[in-house]
1. How much FRET efficiency would the formula 1/(1 + (r/R0)^6) give for B:Leu72 and A:Ala53, where r is the Cβ-Cβ distance and R0 is 25 Å, rounded to 0.05?
2. Taking the Cα centre of chain A as origin and charging only Cβ (+1 Lys, Arg; -1 Asp, Glu), how large is the dipole, in debye to the nearest 20?
3. Does any residue of the range B:39-56 lose at least 20 Å² of accessible area with all protein chains in place compared with its chain alone, and if so which ones (probe 1.4 Å)?
4. Counting only protein heavy atoms and rolling a 1.4 Å probe, how much accessible area do B and A lose on contact, total for both sides, in Å² to 100?
5. Provide the gained length on full extension for the span B:Val39 to B:Ala114, in nm with one decimal, where the gain is 0.36 nm per separating residue minus the Cα-Cα distance.
6. Could you give the distance between the Cα centres of the range A:48-122 and the range B:67-98, to the whole Å?
7. Tell me the mean residue ellipticity at 222 nm calculated for the protein assembly as shown from its helices only (DSSP H runs of n ≥ 4, each -39500 (n - 2.57), averaged over every residue, nearest 500).
8. Rg and Dmax of the range B:18-131, Cα atoms, in Å?
Amino acid sequence: MSFKTPIGRVRGLGSAKEGTHHWWAQRVTAVALVPLTLWFVYAMTSLAGADHATAMAWLGDPRNAILTILLVIATFHHVQLGVQVVIEDYVHAEGMKIVVLMAVKLACVALVVAAIFSILKVAL
Amino acid sequence: MSDSKAQDRPLSPHLQVYRWEWTMLYSILHRMTGVGLAVGTTVLVWWLVAMAIGPGAFDLVQSFLGSIIGRLMLFGWTWALFYHLANGIRHLFWDAGMGFELETGRLTGHTVLASSVVLTVLAWVCGYAALG
Ligand code: HEM
């Protein structure tokens, strides 16, 4: 039995002691992705079929490099949070769930690092 | 109350007992486009890494993306993005406490689907215009 008030039990806490953090981060990244993805689609339509030199020149522009880095970070943060929820909904065997969750999180980090390294290599 | 052992609680009835609603489709499509986009976005990383490696690697990605299969995948990715984007904004309005009425929910759902189709076609018209 706990002597905390109901609101005290709920506020900022869950069984993982992280409260609404996951939900909130999903929303913050979603809001960031609205302008970033619209910009990205616009940029990609103008780069359709581009050769290497044209693409290098595009990514060499600091504005495009910065926006692409922001896009990649926001996207994979959002993906990692979103796919976690999907896995928790469908994968019920505890061991398997942990393995898949870890694989997704590690893959997202690896993809972000590979993308940012490549962008910097082209742009700097 | 704080007993966390699994209990034999009744399960909620499964999907097939519910009357068909468009909003069901719009709901599951958000999840499907989200996961599809996540998988598809690895191609963006491939594109960036290949660009950093050099012309040979980059031309390989470009010729894959330019092939019929590549174009179909990109088309699907574009639609999934616009659907998820528009429906994501619908989600954000719900989070702000707006748009829960049944009629409103149907209307915003139809609007999301229609705008995703229009925006996809628009983006591809621009893309082909840029190709010349
Ligand atoms: C473009 C702007 C975007 C917005 C406004 C947006 C919005 C959202 C929102 C509000 C959710 C939570 C849905 C819920 O609580 O049920 C969500 C989930 C998700 N999003 Fe996005 N998103 C965007 C872009 C993306 C992109 C680019 C990807 C992948 C590359 C993505 C992948 C996902 C995934 C996998 C989920 C989890 C789906 C689920 O739980 O059913 N989103 N998105």
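1. It comes out at approximately 0.35.
2. On the way: 9 positive and 6 negative charges, 107 e Å.
Dipole about the Cα centre, nearest 20: 520 debye.
3. The answer is B:Thr41, B:Thr42, B:Leu44, B:Val45, B:Trp47, B:Leu48, B:Val49, B:Met51, B:Ala52, B:Pro55 - residues whose exposure falls by at least 20 Å² when every protein chain is included.
4. Buried surface at the B/A interface: approximately 2800 Å².
5. Full extension of this stretch gives 24.6 nm more.
6. 17
7. Details: 10 runs with 200 residues, N = 256.
That comes out to -27000 deg cm²/dmol.
8. 17.3, 55
The values are calculated or read from the model by the stated rules, or taken from the named source; none is laboratory data. Note that this is a predicted model, so its numbers are computed, not measured. Virtual Cβ from ideal backbone geometry, glycine too; neighbours counted across all protein chains shown. Each accessible area value is taken on the protein alone, full model and side chains, heavy atoms only, with ligands, DNA and RNA left out. Shrake-Rupley method; radii C 1.70, N 1.55, O 1.52, S 1.80 Å.
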